[in-house]
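Have a look at the structure below before the remarks.
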Amino acid sequence: MESIVIEVLVYSSPTLIFTTLEKFGEWPLFAPETVSETPERVQGNRLKLKTRITGSERCFEATLLQRTEKSLSWATEEGTPTSGSVVVETLAAGNLRVTFTFQYTREGIVESFYASTGLVQRRLEMDLERFKHAVEREHEQRGLS
């Protein structure tokens with residue numbers, strides 16, 4: 001299983017981080033490199049996702065396994081194993097370290113090639129930079145300090 005860990009520093013609050021993550025309709029806006037359609041809540045803590053990272057699309061259902069004030073984790077229950085987590089750590093002066101972990105199994109030669117060149121990681125990094133800017137913009141619009 002391939003594991004990618006990306007950290008971004010965000011000036012905001014943990015609550016706003018998770019509120020933004022729960023706005024599924026905005027995922028294709030800040031994650032166009034990886035999310036090809038708006039995720040759909042199937043039931044309770046399950047989401048139906050369609051992703052496109054390396055030219056191949058994957059459709060799967062993910063289950064939210066854990067959600068606390070500063071973390072969440074999810075995983076697929078069927079099909080190709082895929083999972084992830086988001087952990088928020090408070091730093092000085094209102095900054096947060098947000099650590100995103102994404103684990104997946106490569107499928108086929110194309111995915112193996114893209115993963116070995118670092119393209120998958122770079123695309124996720126670009127999406128997370130857009131996520132950071134979306135959170136900070138919302139933080140500023142709300143007048144939070």
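D for the chain, whole µm²/s, Stokes-Einstein with Kirkwood Rh over alpha-carbon pairs at 20 °C and 1.002 mPa s: what number? Answer, rounded: 136 µm²/s. Taking the chain as a Gaussian network of alpha-carbon nodes connected by springs under 10 Å, the highest mean-square fluctuation of the residues 135, 87, 110 belongs to 110.
Along the axis of the charge dipole computed for the chain (Cβ charges of +1 for Lys and Arg, -1 for Asp and Glu, origin at the Cα centre), the listed residues 27, 113, 11 are led at the positive end by 11. The GluC sites (Glu not before Pro) of the stretch 45-129 meeting both criteria, a DSSP state outside H, G, I, E and B (loop) and at most 16 other C-beta atoms within 10 angstrom of the site's C-beta, are 69, 77, 78, 107. Each label was represented as a point 7 Å from its Cα along the Cα-to-Cβ direction; for residue 71 and residue 91 these points are 1.9 nm apart. Could you please report the charge total around residue 48, scoring K, R as +1 and D, E as -1 over all other residues with beta-carbon less than 14 angstrom from its beta-carbon? With Lys, Arg at +1 and Asp, Glu at -1, the net is -2.
Counting only Cβ charges, +1 for Lys and Arg and -1 for Asp and Glu, the dipole size of the chain around its Cα centre is about 140 debye.
Computed from the coordinates by the stated procedures, all read-outs in this text should not be read as laboratory data. Just so you know, these numbers come straight off a predicted model, no measurement behind them. Methodologically, a virtual Cβ is constructed for each residue, glycine included, from the backbone with ideal geometry; neighbour enumeration extends over all protein chains shown.
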